[in-house]
């Protein structure tokens with residue numbers, strides 16, 4: 001399970017990650033605990049969705065948007 005800072009640029013796209021403020025120790029601790037206790041099926045679903053996003057929104061997709069030639 002991915003735990004990601006809310007300050008990371010990818011946080012907007014990877015919303016299936018557990019998003020945390022890394023300066024909030026209690027929130028970070030709770031997210032680690034949640035990740036460890038999360039059912040395997042939910043982890044699998046979340047990771048599959050994030051992998052799909054990463055495959056679809058890669059450097060080549062960005063090039064097609066900004067340089068369509």
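The table below lists the values:
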| read-out | value |
| --- | --- |
| Any hit, the stretch 15-22, residues being exposed (fewer than 11 other Cβ atoms within 10 Å of the Cβ), modelled with pLDDT of 90 or more and in a loop (DSSP other than H, G, I, E, B) | no |
| Residue 57 vs. criteria surrounded by fewer than 14 Cβ atoms within 10 Å (Cβ to Cβ), at pLDDT below 95 and under 15 Å from the mean Cα position of the chain (by Cα) | no |
| Number of the condition not met by residue 7 [criteria: (1) at pLDDT 95 or above; (2) part of a helix (DSSP H, G or I)] | (2) |
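The values are calculated or read from the model by the stated rules, or taken from the named source; none is laboratory data. None of the values given here were measured: they were computed from a predicted structure. Glycine also receives a Cβ, built like all others from the backbone with ideal geometry; neighbour counts cover every protein chain displayed.
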